[in-house]
Every structure is written in C-alpha cells, then in structure tokens.
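This report concerns only the one structure given below.
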Amino acid sequence: MNSVLEPGMVVRHPGQADWGLGQVQSNIGDRITVNFEHVGKVVIDGRRIVLVRVFDI
C-alpha cells in the first residue's frame, strides 16, 4: 500500500494519531519521509508501518 504514496499526499500514522496529519516528502524503497503537523519530519520504515492516506482534509 505504501508504494502508491507520492510526495504531496496527506497521510496519518496508524499508531500515532497525536502526530496529526503528515505530508509525504519522499518515498524511496521502503523509506517514506513524512512531515507531520506535531512532530515534524519522520522517516517511516514502510516494511513495518502502513500509512493511512487521507482524502478529506
């Protein structure tokens, strides 16, 4: 599922709702860099976490 994520898409981390919305910065291999509202830039291991795409902002 993470393979469809592209820069600019808005996501949520399924286990960290308090991080707020995040905007995908890059998706290279299994490493997804996301800039979250409340924690800033985080690199996610796409093999372990499936981010949830947000359509209604």
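Can you pull out the residues in region 1-18 that are under 13 Å from residue 29 (Cα atoms) and β-branched (Val, Ile, Thr)?
If the condition is that a residue be under 13 Å from residue 29 (Cα atoms) and β-branched (Val, Ile, Thr), then 4 is the only one that fits.
Of the residues 49, 44, 57, which is β-branched (Val, Ile, Thr), modelled with pLDDT of 95 or more and assigned to a loop (DSSP other than H, G, I, E, B)? Please lay out each step first, then the result.
Working: 44 fails: assigned to a loop (DSSP other than H, G, I, E, B); 57 fails: modelled with pLDDT of 95 or more.
Just a single option satisfies the conditions, and that option is 49.
If you check every pair at least six apart or on different chains, which have Cβ atoms under 7 Å apart with a residue in region 34-54 that is over 12 Å from residue 22 (Cβ atoms) and touching a residue at least 24 places away in the same chain (Cβ under 8 Å) first and a residue that is in a loop (DSSP other than H, G, I, E, B) and of a type in the set (Asp, Glu) second?
Qualifying pairs under 7 Å: 46/30.
What are the residues in region 1-36 that are among the β-branched types (Val, Ile, Thr) and closer than 11 Å to residue 53 by Cβ, if any?
Our first condition is that a residue be among the β-branched types (Val, Ile, Thr); within region 1-36, this holds for 4, 10-11, 24, 28, 32-34.
Those that are among the β-branched types (Val, Ile, Thr) and closer than 11 Å to residue 53 by Cβ: 4, 10, 11, 24.
The values are calculated or read from the model by the stated rules, or taken from the named source; none is laboratory data. This structure is a prediction, so every number in the text was calculated from the model and none was measured. Don't worry about glycine lacking a Cβ; one is built from the backbone with ideal geometry, like all the others, and counts go over all protein chains shown.
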